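Working notes, structure below.
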Amino acid sequence: MPIGMTLMKFILEEQRKFPNASGNFTGLISDLAIAAKVISREVNKAGLINILGATGYSNVQGEEVQKLDEYANTVIVGSMEHGDYLSAMASEEMEGIYAVPERYPKGNYLLVFDPLDGSSNIDVNISIGTIFSVLRKKERGKKVTVEDFLQPGTEQVCAGYILYGSSTILVYTSGYGVHGFTLDPSVGEFILSHENIRIPDKGTIFSINEGNSRYWYDGTKNYIKMLKSRTTISARYVGSLVADFHRNLIKGGIFLYPKDRRAKNGKLRLLYEANPLSLIVEQAGGAATTGEKRVLKIVPKELHQRVPLIIGNKRDVIEAERYWQESLTAVV
Ligand code: P6P
């Protein structure tokens, strides 16, 4: 039986639509897919080897680095730095940018990623994920600096994630729809399983950490209270962004990590969590806002900047934004 449309065949078919394409993008995705397969293999046997648990130190975010976080970061950097498509990388696990070493050929793309999001769930066997975003360096030839990464999400060339769950699925968009590829471990290939994903117009799921409700502003309180009054509504919160986002993308729903009296700018990072998922959800017909503005329009001020994130099907996101705006005017 044919193994179906592999990720590489799909990407090559996409590339043929652009006669002037250099093939660099294809190389980037190909090497990223290899890194994903290696990470998937380790995630799926983490309990059997000494890779569970924490490293004993914290990252730039002040969060405890899990061994698998560090491992995933090393695998992605090692898999990508030798290709001729990148100038530099940035990651949740690295304080500054990582310029491709002089010994390797360079390209014009920039890769920014969260190597293993939701890593606090690793030791309890809950799905976790890698999130990635690809930008273009603005000026060819110039030495790459952190400013090259500080572009609004609308400038992303590509965005995606790999969810290490009941199966390993790679979902990406390059601006021409959202497509999902499920890893077939028996052949070691990502096979097209979800072509042209569209988020359902109506959702019956909301995802928010209600443990934070004592810190919520009225806009969040009033919106969640309204949601709970709906006859068909379910609360689902894994505590792993990629898992919560992917379920809502497929089934319809809204995920909220708003700013509150404790998380003054929300918790999630703009460049390698909010922006890539916002590009995906918009390409799938959904929406993503901070409560006050479209996420993809934010001009980043720093690499690890945090933003509030309300993301999902358009109707619910617009309604959540209305509640947020009303609470702002009520305060004035
Ligand atoms: P909380 C995981 O640490 C993460 O960055 C996201 O994956 C997840 O959505 C969020 O934080 C969970 O945060 O505060 O609800 O535990």
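The values are calculated or read from the model by the stated rules, or taken from the named source; none is laboratory data. Quick caveat: nothing in here was measured; it's all calculated off a predicted structure. When we count neighbours, we look across all protein chains shown, and the Cβ atoms used for this are built from the backbone with ideal geometry, even at glycine.
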### Query
Taking the stated definitions as given, is E292 more than 16 Å from the ligand (Cβ to nearest atom), closer than 23 Å to T130 by Cα and acidic (D, E)?
no
### Query
Which one of these is surrounded by 13 or more Cβ atoms within 10 Å (Cβ to Cβ), on the phi < 0 side of the Ramachandran plot and in a strand (DSSP E or B): I199, I126, I122, I169?
I169
### Task
Scan the stretch 223-242 for residues that are surrounded by fewer than 24 Cβ atoms within 10 Å (Cβ to Cβ) and more than 8 Å from the ligand (Cβ to nearest atom) and report the count.
13
### Query
Which residue out of S193, S174, S167 is of a type in the set (S, T, N, Q) and out of contact with any Ser or Thr (no Cβ under 9 Å at 6 or more places or on another chain)?
S174
### Query
Before we move on, is D114 under 18 Å from the mean Cα position of the chain (by Cα) and either touching a residue at least 12 places away in the same chain (Cβ under 8 Å) or assigned by TED's automatic domain parsing to the domain that holds N44 (or both)?
yes
